[in-house]
Amino acid sequence: MALLRLHLHLHLSLPRPPLPARPHCAPPSPLSTSPWLWRSRLPAASSSRRLLCSTHPASPLDASTAAPPSIVAGLLDYLNESWTHFHATAEAKRQLLDAGFKLLSESDDWDLQPGGRYFFTRNMSCLVAFAIGEKYRVGNGFNIIAAHTDSPCLKLKPRSATFKSGHQMVNVQTYGSGLWHTWFDRDLTLAGRVILKAADGSFKHKLVKLTRPLIRVPTLAIHLNRTVNSDGFKPNLETHLVPLLATKHEEATVTNSDDKSSSSAKAAHHPLLLQILSEEIGCESDEIIGMELNVCDTQPSCLGGGNNEFIYSGRLDNLASCYCALRSLIDSSKAAEQLSSEKAIRMVAMFDNEEVGSDSMQGAGAPTMFQAMRRIVDSVMHQSMGEGALERAIHSSFLVSADMAHALHPNYPDKHEECHRPELQKGLVIKHNANQRYATSAVTAFLFKEIARIHNLPVQEFVVRNDMGCGSTIGPILASGVGIRTVDCGIPQLSMHSIREMCGKEDVDTTYRHFKAFFEMFSDIDRKLNVDF
């Protein structure tokens, strides 16, 4: 063992040569341990440093290569950046700005032009981006892909400081329907946003991500719970799911500040936690007057499996859909000629709070997308729209509601309906439900599958068993709220709502190609279909 430790010490201390460039779509060796695949070192704690999984951007392949470029490395980077819905939105904002999209404010007048590319954010947890076709005319539709930025997690309570048996603990509340037993015995930390008060009396929010393991929810040893394996692990979510921060009791530091809000923050949260946050942000503890923090897993997203064919990560539901939608919009409109013949408006909408029903200002239940559509039509047509311009545009529009799907679990095959068993690596899943838990219809499914047929892309279909309940998505909410044709679809995955989920990397690339083709050709396909005549 001593020799092994010495060998590892020497190996880690030696300088490493730079990695040769390699295309992301090239299949790696099953036993490969390349840092390109297994990069998992965490950077030193810094709120401004991006936590990336791969340092090699995906690049186009040689024309003689049949396989298209892969976006998997970019997805891993996006997942490792996006520990919270705030960070997911901020990273999407950065990528859109880098791609030349113009940031709008919902509070300002919009001056939009055909051929232009724009986006806005709401609450820094919801984002709408769009590219206007140069041949857009009154009554032409919107081709939209919608997803959500939030995932089940633990969130700090407004008063998080508590003590138990000589330990500093952090009070949390459950968000969404998580598999909470998977959060035990994980190296956890905190990320989200804080509200700061500046010296001039102004207020601002700042994103924060504590990259080191900070808190943990330990399980009770089996010696003290002998029946756990036979009776099941059934923790009380109020008393047993409380993360441990430290052992030492530290009294709040006495401050000379007369600011009651800062004193309240100190009383609500452990001084140790405030100190850690202030050091990370680069401010004084008294400047922190509010916070909205999620509990996060520190283990990076990565490739795994015997053939490195799987993506292991938290928050795949639904950031994988967000990234595929975002990249497809950027890549289908990055050159002027890509919008020169487009008659529609290409749009991506990323909403918050889907996991808890979407009923919020930044959720799909709000009129955010409808208001954006109206303002876009108003601005582009300069008020000379004629009768029912927006209503005609909505009638011509199409929405792809993208949310992850349930892959067939090899250990529980009986949980799937016999003829509808989506598998990993077999393509995007179209979801059907006669009771409208999904918004897919025969018409919308056909249109979406026609795109796949033309591009030779695999498609699967899912129907829940009649003796099981069915989840839902933002699809029915938007379809009924806006009156837009909708198809519900998703990437198949396992371990949905676990702290650590998995999906197939081939499905990610297939979804990206399907979404990109949707933006590029849907308008032409839709003109060939007559339903209401």
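Here are the numbers for the structure shown:
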quantity: Fully extended contour minus Cα-Cα distance, from residue 226 to residue 412, at 0.36 nm per residue; calculated: 64.3 nm
quantity: Solvent-accessible surface ranking, highest first, for 279, 134, 81 at 1.4 angstrom; calculated: 279, 134, 81
quantity: FRET E, pair residue 219, residue 292, Förster distance 25 Å, beta-carbon r, rounded to 0.05; calculated: 0.35
quantity: Whether the range 106-249 is rounded, prolate or oblate, judged on the alpha carbon gyration tensor where a/c under 1.5 counts as rounded; calculated: oblate
quantity: Contour excess over end-to-end distance, with Cα ends at residue 419 and residue 279 and 0.36 nm allotted per residue; calculated: 44.8 nm
quantity: Accessible area of the range 458-530 divided out per residue, in Å², using a probe of 1.4 angstrom; calculated: 37 Å²
quantity: The range 276-390: C-alpha gyration tensor shape, a/c 1.5 cut-off, then a/b vs b/c; calculated: oblate
quantity: For residue 172, distant residues with modelled amide H under 5 Å away; calculated: 157
quantity: Residue 202 accessible area, assembled protein chains, probe 1.4 Å, Å²; calculated: 50 Å²
quantity: Segment residue 102-residue 382, length gained on full extension (0.36 nm per residue, minus Cα span); calculated: 98.9 nm
quantity: Check: the range 310-443 dipole with +1 on Lys, Arg Cβ and -1 on Asp, Glu Cβ, in debye; calculated: 260 debye
quantity: Cα→Cβ-extended label distance, 7 Å offset, between residue 454 and residue 248, nm; calculated: 6.6 nm
quantity: Residue 215 long-range amide H proximity, modeled H, under 5 Å; calculated: 188, 189
quantity: Isotropically averaged projected area of the range 365-431, using the convex hull of Cα atoms (one quarter of hull area), nm²; calculated: 7.3 nm²
quantity: Accessible area of residue 98 in the full protein assembly, 1.4 Å probe (Å², nearest 10); calculated: 110 Å²
quantity: Accessible heavy-atom area order of 83, 110, highest first, probe of 1.4 Å; calculated: 110, 83
quantity: In the range 371-470, the trypsin sites (Lys or Arg not before Pro) that fall in loop regions by DSSP, at most 15 other Cβ within 10 Å; calculated: 465
quantity: Probe 1.4 Å, all protein chains present, accessible-area order of 85, 205, 240, largest first; calculated: 240, 205, 85
quantity: Karplus-derived 3J(HN,Hα), 6.51/-1.76/1.60, for each residue of the range 356-364, Hz, glycine and proline x; calculated: 10, x, 6, 8, 7, 4, 9, x, 5
quantity: Förster radius 30 Å - calculated FRET efficiency between residue 182 and residue 204, Cβ distance, rounded to 0.05; calculated: 0.30
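The values are calculated or read from the model by the stated rules, or taken from the named source; none is laboratory data. Bear in mind the structure is a predicted one, so any value in this text is a computation, not a measurement. So basically every Cβ, Gly included, is an ideal-geometry build from the backbone, and we count neighbours across all protein chains shown. Heads up: the accessible areas ignore ligands, DNA and RNA and are worked out on the full protein's heavy atoms, side chains in. Shrake-Rupley method; radii C 1.70, N 1.55, O 1.52, S 1.80 Å.
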